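Quick note: the coordinates plus some simple rules give every number you see, no bench work behind them. This is a predicted model, so every value here is computed, not measured. Ideal geometry is used to build each Cβ from the backbone, glycine not excepted, and the neighbour counts take in all protein chains shown.
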Amino acid sequence: MRFLNNIKIPISILLLATFANCAEIDKETGLILSSGFEEVKSNCTVCHSAAFIIHQKGDRDTWLSMIRWMQKTQGLWEFDKQTEENILTYLASNYPPGSASRRDNLKPQFLPPNPYSPN
């Protein structure tokens, strides 16, 4: 029992340091709570799950290209300049590319032939 009393304080400090560095997460969506969260929640989770955001990682240009694709093909409305800026800053800051992000797409020469292609 004396041993446990001796390690209580170091373990407490370690746990505090570990959890102090963790971002606060919204319980409803699982998204990181930081500046721009409300705009992302109110504009992005209308059409798709927040899991899409959490699992898609990207830099600012990647997120912008995903937004443009959704606007062009999926009916996403156009944002005013400030809203788009806030959304892009939030996404690029909180969900940047990392070692766990998706691999690059395969180059066409490495893909199998498409059996449904008209060619």
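Remarks
- Neighbour net charge for Glu85 - beta-carbon separation under 12 angstrom, K R +1, D E -1: -1
- With neighbour counts taken as other beta-carbon atoms within 10 Å, the residues Glu39, Glu84 rank, fewest first, as Glu84, Glu39.
- Extension reserve of the His48-Asp26 stretch, reckoned as 0.36 nm per residue once the Cα distance is removed: 6.3 nm
- Rounded FRET efficiency, nearest 0.05, which uses the C-beta distance separating Asn105 from Lys72 and R0 of 25 Å: 0.85
- Ratio of Rg to Rh over segment 22-98 (Cα coordinates, Kirkwood Rh, two decimals): 0.93
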